[in-house]
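Down below is the structure, laid out as structure tokens.
Here, each number is a calculation from the coordinates, and none is a lab measurement. Owing to the predicted nature of the structure, the values given are computational and were not obtained by experimental measurement. Glycine gets a Cβ as well: all are built from the backbone with ideal geometry, and neighbour counts include every protein chain shown.
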Amino acid sequence: MPRTGVFVCWCGINIAKTVDVEGVAAASRSLPGVVHAETYKYFCSEPGQNLIKEAIWEKRLDRVVIATCSPSMHQATFREAAQAAGLNPYLVQIANIREQCSWVHSNREEATGKAVALVTAMVAKVRRDEPLQAFTLPVNRRVLVIGGGIAGMQAALDIADAGYPVVLVEREPNLGGRMAQLSETFPTLDCASCILTPKTAEVARHPLIELLAYSEVREVSGYVGAFTATIARKPAYVDWDKCIGCMLCQEKCPRKTPSDFQRGMGPGKAIGVNFPQAVPNRPVIHREHCTYFQTGKCQVCARICPVDAVDFNQAETTQEKQVGAIVVATGYEVVAPDQFGEYGYGKYPDVIDSLAFERLNSSSGPTDGVIRRPSDGAVPKEVVFIQCAGSRDPDKGKPYCSKICCMYTAKHAMLYRHKVPDGQAYIFYMDIRAGGKRYEEFVQRAVENDGALYLRGRVARVYPEDGRLVVKGVDTLSGQNVEVFADLVVLATAAVPSGGAPGLAQALKVGTDEHGFFNEAHPKLRPVETLTRGIFLAGSALAPKDISESVAQASGAAAKVLALFSREELLADPLVATVNESHCSGCFWCRPTCPYQAIEEKALRDRQVATVNAGLCQGCGACAAACRNGAMKLRGFTDEQLLAEVNALCL
Ligand SMILES: Cc1cc2nc3c(=O)[nH]c(=O)nc-3n(C[C@H](O)[C@H](O)[C@H](O)COP(=O)(O)OP(=O)(O)OC[C@H]3O[C@@H](n4cnc5c(N)ncnc54)[C@H](O)[C@@H]3O)c2cc1C
């Protein structure tokens, strides 16, 4: 009979408040094979781990059960502690008496009974555990970064500066993401271009960064250390290798179009770049606007191009890249403002969204940085900013706070006053959330120095009157209805996940939250990792974030990649599925159940059988449940172990 030790953690008061931990330890002592049981306030702490190690040595323990929090929190910690004491780490089991017990019950007696049952089940299971060895996987030390906004660029630069090659995929024709559209940035008011363009230039000239612009990741297969990504490049209808970036094509193109980059306010062309400092500085023909593609006539760009780079026959191309790790930095978008009929967006030209206001402020914007209202080009004397347009609004499906809007609206009020000193900014708000270094002071500056007038309450309606707009709402502080006349209304619309994020998440086999933002492995302890090993996250792809947070996270994700690449070989968890070939009938019922495509075919002399690609297998056990012959087993979760657990619970 193995010698089992049981360690019951108080987890401060998290467990001890609801569960009688001493009672659980006492009950454990009478379980078969248990030769030691004790409690401690925090077994995850260093003194706590030392207690476990000492007990393993002194009591010659060869099995350990720790009754504590979820294994996703500290299983690795406890396995390492056991290993340091000379025990095989896979002979340690966790009984989760926090998330599955103390946190979800209030009756102390019943919770204690349940905790005893959970420990009993784990003691029965651990007795049947086999010592296992982690296996090794080779690691390809090249990384794929998806998204070329500030977060993706920072991650790419950090990794490349450490000496590892990076493939950076950006789906737009140029780098920069949303930041490329911003004018000046809170909380320092430095110009976005001044901090962004040196970074885009650095990325473009870095010898270890391969930039694939106007491209998208279509498929990803493989596993940590050995991913294969299929990347499609959209046709630009311009051969970028031949193009010299003279932009004669853009200048001479006769087709003026609304520019998405300028939020529909400034004229774009059917061929060209989004802004003069774009990297790469290579044009794209927008097929939907191009006269030649629409009518078969024109080709001015092709005729004018001095290097014959225009190619109307260009088609999508795909290529495969082998990489060892992936960083997802696909950012966010702002929700389409036409959802807000009550605010008149789309109906009244002087109702715009915040990104459009950024473009009006920008010296590379449609008005060269002079704030003019779109309807007639007049300088607005009164501007109303409406915060939380969509955010914190369950009716619009966005119950969350978009986090950046309070700050950028204060910035907008400031920038407006700097350019229109006799102008008045009104801000309708629900609460001011200015948590960040010098953020509160920044908002105070908008009020005290720049005269921004904050009105607490939601806006009910915006409508035209006498050539101006009337913003009708309630000031909930004074309890009064308010009507403000405005020349321009700016909506701080909710931030939402980047278009295509759910499809990309599916290709990568990583999770998203209920709103479509990528899910981190643990919100506090593993904020830039996903549950799929080797895939990391950075920036607003996880949730709305400002620039400094996005950059910090990107460097965090880069550090995780570098830690992975610092090893000669990767150690992989041996808790994977295995096939008993003599029992396998080759029916392959297991295959469709595997979410990781880990089941492969193997030819025996007389038949095909299933085999498991241990690198791909994540140990979910779906195949073992589906196998009709009992040929598929999940290590650490054999039928015998699971039945022993169930029997123990039924005692
Ligand atoms: C109006 C407004 C004003 C703001 N002002 C400020 C400010 O003053 N200060 C501040 O700190 N923050 C500000 N922000 C926030 C700032 O924009 C973000 O913090 C920053 O852009 C986040 O960077 P990111 O790289 O995570 O995401 P993004 O900037 O969204 O970049 C993501 C990139 O990924 C690309 N991408 C998306 N999907 C794919 C895909 N499937 N394949 C390949 N590429 C893909 C996108 O094209 C984009 O280039 C403001 C935001 C708004 C809306």
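Among the trypsin sites (Lys or Arg not before Pro) in the stretch 546-627, those located in a DSSP loop and surrounded by at most 16 other Cβ atoms within 10 Å of their own Cβ are R567, R605, R607. Among the GluC sites (Glu not before Pro) in the stretch 547-651, those located in a DSSP loop and surrounded by at most 15 other Cβ atoms within 10 Å of their own Cβ are E568, E581.
Charging the Cβ of each Asp and Glu at -1 and of each Lys and Arg at +1, and nothing else, the dipole of the chain about its Cα centre rounds to 620 debye. Within the chain, antiparallel bridges make up roughly 50 percent of the DSSP beta bridges whose residues both belong there.
Classified by the C-alpha gyration tensor, the stretch 494-562 has an oblate form. Its axis ratio a/c, with a ≥ b ≥ c, is 1.5 or above, and a/b does not exceed b/c. When the charge dipole of the chain is built from unit charges on Cβ atoms (+1 for Lys and Arg, -1 for Asp and Glu) and taken about the Cα centre, the candidate among F637, G341, I271 whose Cα reaches farthest toward its positive end is F637. Summing Lys and Arg as +1 and Asp and Glu as -1 over all other residues whose Cβ lies under 11 Å from the Cβ of H36 gives a net charge of +2.
Shape of the stretch 248-304 from its Cα gyration tensor (a ≥ b ≥ c, root eigenvalues): rounded if a/c is under 1.5, otherwise prolate when a/b > b/c, or oblate?
Taking the square roots of the gyration eigenvalues as a ≥ b ≥ c, the stretch 248-304 is oblate.
Return the loop-located trypsin sites (Lys or Arg not before Pro) in the stretch 1-110 (DSSP other than H, G, I, E, B) with at most 11 other Cβ atoms within 10 Å of their own Cβ; answer none if there are none. Sparse-neighbourhood loop trypsin sites (Lys or Arg not before Pro): R60. Shape analysis of the stretch 577-635 places it in the prolate category; the axes a ≥ b ≥ c from the Cα gyration tensor give an a/c of at least 1.5, with a/b above b/c.
Mind scanning K114/K560; K199/K403; K234/K347; K509/K545 and naming the pairs with a C-alpha gap bigger than 30 Å? Going by Cα-Cα distance, K114/K560; K234/K347 fall outside the 30 Å limit.
Comparing G479, S259, M247 along the charge dipole axis of the chain, the residue lying farthest to the positive side is M247, per the Cβ-charge model.
Pick out the long, greasy-scoring helices in the chain: whole DSSP H runs spanning 24 Å or more along their own axis by Cα, mean Kyte-Doolittle at least 1.0. Span-like helices, by this rule, are 547-565. Considering only F536, T593, L564, and ranking their Cα positions along the charge dipole of the stretch 455-608 that arises from unit charges at the beta-carbon of Lys, Arg, Asp and Glu, the one farthest toward the positive end is T593. Each other residue within a Cβ distance under 13 Å of C617 adds +1 if Lys or Arg and -1 if Asp or Glu, for a net charge of +3.
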